[in-house]
Amino acid sequence: MTVKIQQIDDCRWRIPREGDMRTEGLVFADKRMIAALQQEQALEQVRNVATLPGIVGPSMAMPDIHWGYGFPIGGVAAFDAEEGVVSPGGVGYDINCGVRLLRSALSAADIRPVLARLADTLFRNVPAGVGSQRRDLKISVSEERKVLEQGAAWAVSRGFGNAEDLDHIEARGTLPGADPELVSDRALERGRAQLGTLGSGNHFLEVQEVEHIFDPAVADVLGLFAGQVTVSIHTGSRGLGYQVCDDYLKLMLQASRKYGIALPDRQLCCAPLTSPEGRQYLAAMAGAANFAFANRQIITSWVRESFEQILALSPAELRLSVIYDVCHNIAKMETHEFEGKKRRLCIHRKGATRAFAPGHPETPELYRTVGQPVLIPGDMGRYSYVLVGTQGAMEETFGSTCHGAGRMLSRHAAKKVARGHNIEAELAARGILIRAAGRATVAEEISEAYKDVANVVEVVQRAGIGKIVARLRPLAVIKG
Amino acid sequence: MGGFRLLAHTADMGIEATAASLEGVFIEAARGLRSIIFGETPIAATREVPVEVRGADSGELLVGWLSEILYLFEVHGLAPADFVVDEITGGTLRGKVKGESFDPSRHPVEREVKAITYHQLNVAKDAAGWWARLYVDL
């Protein structure tokens, strides 16, 4: 089915309200992106989300939009706390998939001579790929329940990192209201062996260099300088989150029937926010989100150990500290001003990042004058970006912006492009070392498989829903 | 007749399976899932685990069946070799997953499958036999 789309300006497109839609669709994209989008079903998915009860404002999509399950990846939708719904498909399988960025006191030149050893050590110390785990991290079921309740704070209490790390994590690394009793035994089982693991696919651990500073004043506040070594960690709640999503999709299929919610796509199944099913999902989801926060916190600790080991420097000399940690698959209760009134809303961000403006009370004090840091990973061969949130995002997207590059090629197509190339050698020649666990990972994750993230952040900045601060280029990439 | 083919998707992958019977199409879909995870790596059928899943319709049953195979692999380390579907009646599937204990050195994993989705899920019968399509989250 073709979706009607009208250009508003050079980075905004409207899907007009028609049929069962309760609101219009709003897509942030340039002309080329829109042309590519019309080849797949992502725009139809933006339209489908607009049919759900209690949606407030338009059904939105960020420029890294692509075809997802139910909601598109890059989707943002707000639902009224009383009249609206919550949908596991609006969060995704990888609950609180997110990115954490660490700064260091090092320059790229400091690590260049030991980069290969550092990459090997990180690859050894941080489990990546299916079935890989550290033998020295075994937790009991009762301990796992605490992880779900406390998130990153649990990890700190067990000696992974320090209390200051928590100051620079979205929601301080603990979503309130998590209830482990509402997480199935199967989800707990899947999660237990996967705490402190990177996973595979597009997840990664990257040692990077600050390649370019766009906004020196903001970069200074964020503690970034040109040539500096940074580390990015991109992972989520692993099997625990996937299982929570799976379990609650089943419950929501029943709930949608029970509450008479018409679904244009089964994967959009949902329940009223005020219903027992809706509340249960939010409490289980918070548990999975906390597992993800703990996961990134534990990995951070192993990254620090690896640097200390290879560079023979103390923590005080390395100064590997957390700039920020963002969720990009999450549903959160937030208060936003909409049409002149303060409204309590459930904001679904699926492949979208919170981007609160300067002055927002939830932004850490250190960054309050410049806005919340927003971390946008690109692909393993090019670059990633650091942005900050803006007032424009508060006014137009409920404080949300893009989350990454967005895939452009299927895995089949990516493999075809990679055929005949030695990707690892080609990247090494450009100064990027790759260590990957999965056999198909490197070919399927080539740069060409992704949109150029520079175009994505450029649209976001032009639309005023994010401000570019710095570009980071990969030096060593660990993949699952 | 009968078999499976993998479908391209921007971010993930799909499976299309065909067979003369409904049971057969569930087996072919499971072989498709094994192929996404392990490619053509040979896996021996030295262990057998009985499986029972329930679903409101054949689509939900298919998602349940494949999710069970994924769970047995991830949590119980059962690398799947082949599959048996004994019966599908009244919203219940009874079958078996055959395989051996997962050993990463002998069973290199090509891709991690996060979940089996309901996206464009379809199980249908036409003149040529049974047909199913589903997508997995990678």
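Odds and ends about this structure:
- Taking every DSSP bridge with both residues inside region A:1-140, close to 80 percent are antiparallel.
- Trypsin sites (Lys or Arg not before Pro) within region B:58-111: DSSP coil, no more than 11 neighbouring Cβ in 10 Å: none
- Dividing the C-alpha radius of gyration of the protein assembly as shown by 2.2 N^0.38 Å, with N its residue count, gives 0.91.
- Taking the average, over residues, of other Cβ atoms within 10 Å as the packing measure, peptides A:125-135, A:83-93 rank A:83-93, A:125-135 from highest down.
- Total charge dipole magnitude, the protein assembly as shown, about the Cα centre, Cβ charges on Lys, Arg, Asp, Glu only, Debye to nearest 20: 420
- Three-way shape call for region A:404-456 based on the alpha-carbon gyration tensor, with the a/c threshold at 1.5: oblate
- Inter-chain Cβ neighbour count for A:254-262, averaged per residue, equals 0 (cutoff 10 Å, partner chain atoms only).
- Karplus-based coupling profile of region B:130-138, in residue order and whole Hz: 8, 9, 9, 9, 7, 10, 10, 8, 9, with θ = phi - 60° in 6.51 cos²θ - 1.76 cosθ + 1.60 and x standing for Gly or Pro.
- Bridgeable aspartates and glutamates around A:LYS138 (alpha carbons under 13 Å apart, same-chain partners fewer than 8 residues away excluded): A:GLU189.
- For A:VAL326, the shell of other residues with beta-carbons less than 9 Å away shows a net charge of 0, using +1 for Lys and Arg and -1 for Asp and Glu.
- Per-residue ellipticity at 222 nm, computed for the protein assembly as shown from helices alone with -39500 (n - 2.57) per DSSP H run of at least four residues, works out to -9500 deg cm²/dmol.
- Our note on the geometry: Cα centres of region B:47-69 and region A:156-227, 34 Å apart.
- Among the GluC sites (Glu not before Pro) in region A:375-447, none is located in a DSSP loop while being surrounded by at most 15 other Cβ atoms within 10 Å of its own Cβ.
- From phi via Karplus (6.51, -1.76, 1.60), per-residue ³J(HN,Hα) for region B:16-33 in Hz, x at Gly/Pro: 10, 10, 9, 6, 6, 10, 4, 4, x, 5, 5, 5, 5, 4, 5, 5, x, 4
- In order along region A:335-345, the Karplus-derived 3J(HN,Hα) couplings, from 6.51 cos²θ - 1.76 cosθ + 1.60 at θ = phi - 60°, round to 9, 9, 7, 9, 6, x, 10, 6, 10, 8, 10 Hz, and Gly and Pro are given as x.
- Cβ-Cβ distance of A:SER275 and A:GLU337, R₀ of 35 Å, FRET efficiency by 1/(1 + (r/R0)^6): the value works out to about 0.85.
- In loop segments of region B:1-67 as defined by DSSP, the GluC sites (Glu not before Pro) with at most 15 further C-beta atoms inside 10 Å of their C-beta are B:GLU40.
- Considered as an equivalent ellipsoid built on the Cα gyration tensor, region B:3-137 has semi-axes of 22, 17, 13 Å, the largest given first.
- Per-residue mean of foreign Cβ neighbours for A:239-250 is 4 (Cβ atoms of other chains, 10 Å radius).
- Residues whose amide H comes within less than 5 Å of that of A:GLY381, counting only those at least five positions distant or on another chain, are A:SER447 (H built at 1.01 Å from N in the peptide plane).
None of the figures in this text is laboratory data; all of them are computed from the coordinates on show. Quantities reported herein were computed from a predicted structural model and do not represent experimental measurements. Methodologically, a virtual Cβ is constructed for each residue, glycine included, from the backbone with ideal geometry; neighbour enumeration extends over all protein chains shown.
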